[in-house]
1. In the range 86-118, which residues are among the hydroxyl-bearing types (Ser, Thr, Tyr) and either touching a Ser or Thr at 6+ places or on another chain (Cβ under 8 Å) or buried (at least 24 other Cβ atoms within 10 Å of the Cβ) (or both)?
2. In the range 80-103, which residues are in a loop (DSSP other than H, G, I, E, B), more than 18 Å from the chain's Cα centre (by Cα) and either on the phi > 0 side of the Ramachandran plot or not hydroxyl-bearing (Ser, Thr, Tyr) (or both)?
3. For the structure I just gave you, tell me whether ILE77 is part of a loop (DSSP other than H, G, I, E, B) and hydrophobic (A, V, I, L, M, F, W, C).
4. Return the residue satisfying two criteria in turn: it lies in the range 58-74 and is surrounded by 17 or more Cβ atoms within 10 Å (Cβ to Cβ) and assigned to a helix (DSSP H, G or I), and of such residues it is nearest to the chain's Cα centre (by Cα).
5. Search the range 123-141 for residues that are under 20 Å from GLY96 (Cβ atoms) and among the small types (Gly, Ala, Ser) and pair each with any residue that is modelled with pLDDT under 95 and not in a loop (DSSP other than H, G, I, E, B) when their beta-carbon atoms are under 7 Å apart and the residues are at least 6 apart or on different chains.
6. In the range 11-27, what residues are over 15 Å from THR149 (Cβ atoms), free of Cβ contacts under 8 Å to residues at least 40 places away in the same chain and open to solvent by 60 Å² or more (accessible area, probe 1.4 Å)?
7. Being among the charged types (D, E, K, R) and modelled with pLDDT of 95 or more narrows it down to one of GLU145, GLU99, GLU47, so name that one.
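The values are calculated or read from the model by the stated rules, or taken from the named source; none is laboratory data. Keep in mind that this is a model prediction, so the values were computed, not measured. Please note: Cβ atoms are built from the backbone with ideal geometry, for glycine as well, and neighbour counts cover all protein chains shown. Surface areas here come from the heavy atoms of the whole protein model, side chains and all, with no ligands, DNA or RNA. Shrake-Rupley method; radii C 1.70, N 1.55, O 1.52, S 1.80 Å.
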Amino acid sequence: MDTNNFLNQEFVNKINKIAIDAGNEIMAIYEKDFDIYEKMDESALTEADLASHHHIINELAALKTGFPVLSEESADIDWKERQSWSTYWLIDPLDGTKEFIKKNGEFTVNIALIHQNKPVLGVVYAPAIDVLYFASEEIGAWKEEAGETKQIRVSDKAETPLRVVGSRSHQSDAMVGYLNQYPSYDMIPMGSSLKLCLVAEGKADLYPRLGPTSEWDTAAAHSVVNAAGGACVVFDIDKNTELETLAYNTKESLLNPYFIVKGPEITI
């Protein structure tokens, strides 16, 4: 992959526009009554997921990058085909469907470019609050809000009490057990991939995800975390040990292992 073509500001701006326009499609449905369908796994699927999915798929095709696309709404691509991909788009057209249905605004559009199992470009757009995070290995990590665009970095030092961001809709016993090792912490509840972005911009120190997620849930925001100086690492809960960096498209299953997102070094 020629990074000069796909990781520069001009190209990232094109992906930003695709995400924002997909967000507008979502908001047109969010502001009215909407139908809720059932997916094969019985999770909620709204009209908004599908509208965003089709918009992103069509616009990425128009860019003519030649990269295949894996979306939550088209995730039935066989592993025999996927395992040959060195570079591909990984998208979640509407991350935080439960938050969307609750109408609390904490949902996002996620678009990531994966190269050699690593997210090298990521765009996260929260349309209900009009906040955009975007990053690539070339340009760094950025946040656009209220007409202002600024570069973001993880915190230099963890605060006391530790600022821990966690899911608003998914809490686990494993998470509670993991946090017992810290003498004090404040929990910041948040939905969707915004949790990772809070660490990236220094508003949280730690995000332990000791529950189920899929690769499209994390890839775009993982790119933002990386470019902001943070890390997203696999966690072995049995050994209470951090392992290798979270990777993508390395196995048949699209489920992530447990992982930890962190900014500054944390001493207990």
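1. Initial filter on the range 86-118 (among the hydroxyl-bearing types (Ser, Thr, Tyr)): 86-88, 97, 108.
Hits for the range 86-118 are THR97, THR108.
2. Taking the range 80-103 first, the residues in a loop (DSSP other than H, G, I, E, B) are 83-86, 96, 103.
Filter again for more than 18 Å from the chain's Cα centre (by Cα), leaving 83-86, 103.
Result: GLN83, TRP85, LYS103.
3. The answer is yes for ILE77.
4. Ranking the qualifying residues of the range 58-74, first place goes to GLU72.
5. ALA128/MET27; ALA128/TYR30
6. GLU25
7. Working: GLU99 fails: modelled with pLDDT of 95 or more; GLU47 fails: modelled with pLDDT of 95 or more.
That would be GLU145, the only listed residue that is among the charged types (D, E, K, R) and modelled with pLDDT of 95 or more.
Each row is one residue, and each column tells you yes or no for (1) among the hydrophobic types (A, V, I, L, M, F, W, C); (2) closer than 26 Å to PHE6 by Cα; (3) free of Cβ contacts under 8 Å to residues at least 12 places away in the same chain; (4) in contact with a Gly (Cβ under 9 Å, 6 or more places away or on another chain).
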| site | (1), (2), (3), (4) |
| --- | --- |
| ASN180 | no, no, yes, no |
| GLY191 | no, no, no, yes |
| ALA200 | yes, yes, no, yes |
| PHE235 | yes, no, no, no |
| LEU243 | yes, no, yes, no |
